[in-house]
1. Which distance in nm do the two modelled labels at residue 125 and residue 55 give, with both placed 7 Å along the Cα-to-Cβ direction?
2. With a 10 Å Cβ neighbour count serving as the proxy for reagent exposure, in which order, fewest first, do 141, 83 appear?
3. Cut-off is 10 Å between beta-carbons; in what order do 94, 168 appear when sorted fewest neighbours first?
4. Which residues among region 105-138 fall inside the zone where the amide N is under 12 Å from a point 7 Å beyond the Cα of residue 72, along Cα→Cβ?
5. Measuring from a point 7 Å past the Cα of residue 136 along Cα-to-C-beta, which residues in region 154-170 have an amide N at less than 17 Å?
6. Reported to two decimal places, what Rg/Rh ratio describes region 23-168 when computed on Cα atoms with Rh from the Kirkwood expression?
């Protein structure tokens with residue numbers, strides 16, 4: 001009878017141990033396509049000039065981080081969206097991501113919203129004419145973002161490209 005009780009205790013302990021195992025993620029953050037299968041909420045957006053209707057481009061990606069040190073207070077800007085046309089990097093603040101469960105490994109999705117106010121999303125032209133101003137010679141412009149994040153320890157994630165976005169320039 002004593003051996004049966006010890007067996008039950010051992011099985012219960014093993015079951016609890018398996019239930020509380022932290023995820024086995026690397027300490028560097030990793031980003032990927034979200035469960036929805038799309039990174040951007042739209043493929044076409046009007047140029048953000050004063051006559052454009054208010055609209056927002058949302059960039060969503062999934063993440064994992066083994067040591068759970070994503071996000072930071074203060075003024076740190078740790079989400080990098082690089083415009084494919086000129087290589088300009090837009091930087092955004094990553095909110096502190098709380099720990100999940102008993103381990104420090106975390107995962108989830110992050111959404112960055114880019115309001116289409118004047119000059120947030122605008123056309124650039126191959127003839128080097130003034131950007132962000134309607135140009136009848138170039139009715140559309142296309143680009144994508146290359147996304148990367150950084151954790152508090154300074155580890156950079158892999159990069160991920162968004163879908164191509166068409167900007168209506170007129």
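Derivation of every value follows stated rules applied to the coordinates shown; laboratory data play no part. Predicted model, so just to flag it, every value in this text is computed and none were measured. Every residue, glycine as well, gets a Cβ built from its backbone with ideal geometry; the counts of neighbours run over all protein chains shown.
1. 2.0 nm
2. Details: 141 20, 83 15.
Ordered from fewest to most neighbouring Cβ atoms within 10 Å, 141, 83 come out as 83, 141.
3. Numbers: 94 21, 168 14.
Ordered from fewest to most neighbouring Cβ atoms within 10 Å, 94, 168 come out as 168, 94.
4. Answer for region 105-138: none.
5. Label zone hits: 169-170.
6. Numbers: Rg = 16.9 Å, Rh = 16.4 Å.
Dividing the radius of gyration by the Kirkwood radius yields 1.04.
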